[in-house]
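J.: Mind looking over this structure? Questions follow.
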């Protein structure tokens, strides 16, 4: 028997089941959803020129959604708030859900259009997602390759309580420690916002792997962690965290078992190459431990389940690990099945709710 | 007191010290060393046009050598066989040493020149390294991006007892599973030669990381493992090992702590993406375990030394791990200090000599 209690307003909980803070939910804009939020000039631009961005990949073709996530309303998966409430937020005891609206608004090649579309997407998120549903928070969409516009958007909405991080994607024109992105990080830190780097994005000016163009999507998917590795190295070796000590980064949907070996490798090389990067004052792994958080989906699956505990141990514990489902995408992780290892209750609570609560500054659960 | 015994001809051993098979030694050609082996047409080409290849990186600038490896003869580090004998082969009890002559001969943009320079380099290796020094073996240099020429070189010298692998570099124009490279693998397998993929190579048609151009050499160096990861995924997902089941690959100077997390990730995704790669019949990790070997230098240095044992465990044991020093390069690993964990004697023997002996088909040690 399940009895529901309300905590906080809007959240329902089945007594005895694990509450979760879901750090990766995708809300989707229908082709015309954003139109009412676009200035007329850019609406005409959209209708005349449409989207121009570096091409990317999704699987399955056209929609990365779970087969059961198509709402009866006929809207796209992730586009129907009512259906998301029932199928996901209520059903899975989601205390808070973090939206990542990856519509490509922030990836447009036209800088002014990218700025306008990002702003419209954020306004749409406020009006149609954040205000109607108190369990939801969102990543602020910014035109990341055009940092002056990105900064303006952070200044405009960075203090809105619904936006709890600045959202970037893993495919960028340069490794994300590049100085052209620093104004974005400075603005995020000014507004006490972490920066989330999410799987995906278009192909920007180069092959999708460190070794050229792969033939198959599965290589692209397996290789995305390579982009994350390059970003972590870049953010550290460029000295971003010396310049902006309050900057915190969430690596979303990028995996994390590769992070300890990368930290070891960077520490070893830094012993030799310090002179090239004198602005890097500490061992690279110390920046990893102090500045990076990770989300769980797609959860790492070592061949022996218990080796996940070893991975956590190499990460320095579970304090930086935050649960995510990736709803409504096909590779969704269910909270009951994602972590196939036994963890003490306090560690489970950290992963499922408390790490994300602290990281994103989410209010404590009502008693 | 050290007493020397001769095993096999040419090898000396200090009693009680660890013999090694060193899987990564770099012999170097002086600017004019190869000239006598080049047909006159290509010698004139060399003198007129010089080297044209994608640009790469070395550290320190100009020479990646140990400060103490400059021979008194005035030749470049790695260019003086007598000095290499004394400083390295004798001093470190090298039973066999595998040469990787990374002069760029195989990376020339001009296909015919690349073929000629590769052939001349191999002839030079036979005459000036392999014949004078029975402890040495070499990787066959091939113009990898021009596979018909590479195949011709493998047919020409693949059965020479001095060449024990076909040598490629990690920076290629496409991930190394791409079908354009298959003729090379087929030729290698016909001659019972494994293929070594070595750190380095020029930048070929795209940024050096999966996320664009990094600002610092240290990022490039840390990121090289990203290229190796893309190659492993590519070789597996293209189905190379189904087509050429005898193909064996050595990953040289690429690290290996990243390999188990990659195997886990590929296995997980293969469950979902099988239909895209129906030619991949087995779990990706099974190809990893059956077809890939790794060399030790630069040895992984987990923060807790004993975690290296965990890495070995995740690799399925030490049977695929082969010792290497990278002599005479700056990041040389000394056999006494490389493995900072206690291993049973049989496992040490596997790493220091027996895995490489079996992999490269090297004759057993004289009694």
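J.: Of all the Cα-Cα pairs you can form in segment A:196-311, what percent are over 23 Å apart?
T.: Every Cα pair in segment A:196-311 considered, those over 23 Å come to 36 percent.
J.: Using only atoms on other chains, find how many Cβ atoms lie within 10 Å of each Cβ of peptide A:121-133 and report the average.
T.: Whole-number average of other-chain Cβ neighbours for A:121-133 is 0.
J.: State the Cα centre-to-centre distance between segment B:227-265 and segment A:75-94 in whole Å.
T.: Spelled out, the Cα-based centre of one part sits 40 Å from the other.
J.: Shifting gears a bit: Show me A:130-139, A:350-359 ranked by packing, highest mean number of other Cβ atoms within 10 Å first.
T.: In descending order of packing, they fall as A:350-359, A:130-139.
J.: Take the alpha carbon gyration tensor of the protein assembly as shown, find the square roots of its eigenvalues, order them as a ≥ b ≥ c, and report rounded if a/c is under 1.5; if not, report prolate when a/b exceeds b/c, else oblate.
T.: prolate
J.: Further, regarding this structure: Can you list, shortest first and in nm, the gaps between the label point of residue A:306 and those of its counterparts in the other copies, using a point 7 Å from Cα in the C-beta direction?
T.: Result, one decimal in nm: 1.5.
J.: State, as an integer percentage, the relative contact order of segment B:112-209 based on alpha-carbon contacts under 8 Å between residues 6 or more apart.
T.: Relative CO of segment B:112-209 lands at 27 percent.
J.: Another question about this same structure. Other chains' Cβ within 10 Å of B:269-276 residues: what's the mean?
T.: Shielding by partners across B:269-276 averages 4.
J.: Counting alpha carbon pairs within less than 8 Å and at least 6 residues apart, what relative contact order, in whole percent, applies to segment B:158-222? Walk me through the numbers before you get to the answer.
T.: Working: 55 pairs, mean separation 26.4, N = 65.
It comes to 41 percent, rounded to a whole number.
J.: So, one more: How do B:268, A:86 rank when sorted from fewest to most other Cβ atoms within 10 Å of their own Cβ?
T.: Values: B:268 21, A:86 12.
In order of increasing Cβ crowding within 10 Å: A:86, B:268.
J.: Continuing with this model, one more query. I want to verify a result. In a Gaussian network model of chain B, Cα cutoff 10 Å, which of these has the top mean-square fluctuation: B:185, B:199, B:217?
T.: B:217
J.: I would also like to ask the following. Sort the following peptides by mean Cβ neighbour count (other Cβ atoms within 10 Å, averaged over residues), highest first: B:321-332, B:148-159.
T.: B:321-332, B:148-159
J.: Going by Cα centres, segment B:135-179 and segment A:297-341 are how many Å apart?
T.: Spelled out, the Cα-based centre of one part sits 41 Å from the other.
J.: How far is residue A:160 from the same spot in each other copy, in nm, shortest first, if each label point sits 7 Å from Cα toward Cβ?
T.: Spelled out, the distances from residue A:160's label point are 6.9 nm.
J.: Return the percentage of antiparallel bridges among DSSP beta bridges fully within chain B, rounded to the nearest 5 %.
T.: Bridges in chain B that DSSP calls antiparallel: roughly 20 percent.
J.: On to the next question. Can you bin segment A:42-180 into rounded, prolate or oblate? Criterion: square roots of the alpha carbon gyration tensor eigenvalues sorted a ≥ b ≥ c, rounded for a/c under 1.5, prolate for a/b above b/c, oblate for the rest.
T.: On the way: a/c = 1.72, a/b = 1.39, b/c = 1.24.
Prolate is the answer for segment A:42-180, as a/c is 1.5 or above and a/b outweighs b/c.
J.: With the cut-off at 1.5 for a/c, could you classify segment A:279-367 from its C-alpha gyration tensor as rounded, prolate or oblate?
T.: Values: a/c = 1.63, a/b = 1.19, b/c = 1.36.
Because a/c hits 1.5 or more and a/b fails to exceed b/c, segment A:279-367 counts as oblate.
J.: Can you list, shortest first and in nm, the gaps between the label point of residue A:281 and those of its counterparts in the other copies, using a point 7 Å from Cα in the C-beta direction?
T.: With the label placed 7 Å along Cα→Cβ, residue A:281 yields 5.9 nm.
J.: Can you pull the mean other chain C-beta count within 10 Å for peptide A:173-181?
T.: Average neighbour count from other chains, rounded to a whole number: 4.
J.: Kirkwood-based Rg over Rh for chain B (C-alpha set), two decimals?
T.: Value, to two decimals: 0.95.
J.: Report, in deg cm²/dmol and to the nearest 500, the calculated mean residue ellipticity at 222 nm for the protein assembly as shown, where each DSSP H run with n ≥ 4 adds -39500 (n - 2.57) and the sum is divided by the residue count.
T.: One gets -9000 deg cm²/dmol as the mean residue ellipticity at 222 nm.
J.: Continuing with the same structure: From Cα pairs below 8 angstrom and at least 6 apart in sequence, can you work out the relative contact order of chain B, rounded to a whole percent?
T.: Rounded, it is 19 percent for chain B.
J.: Additional query: Using only alpha carbon positions, build the gyration tensor of segment B:88-145, then give the equivalent ellipsoid semi-axes as the square roots of 5 times its eigenvalues, largest first, whole angstrom.
T.: 26, 11, 7
J.: Applying 1/(1 + (r/R0)^6) with R0 = 25 Å to the Cβ-Cβ distance of residue A:303 and residue B:306, what FRET efficiency is obtained, to the nearest 0.05?
T.: Efficiency, rounded to the nearest 0.05: 0.80.
J.: Provide the packing ranking of A:243-249, B:269-275, B:112-118, i.e. peptides ordered by the mean count of other C-beta atoms within 10 Å per residue, highest first.
T.: Ranked from most to least packed, the peptides come out as B:112-118, A:243-249, B:269-275.
Readers should treat all values here as calculations from the given coordinates under stated rules, not as data from a laboratory. For clarity, every value in this text was computed on a predicted model and none was experimentally measured. Counting neighbours? That spans all protein chains shown, and the Cβs are built from the backbone with ideal geometry, glycine included.
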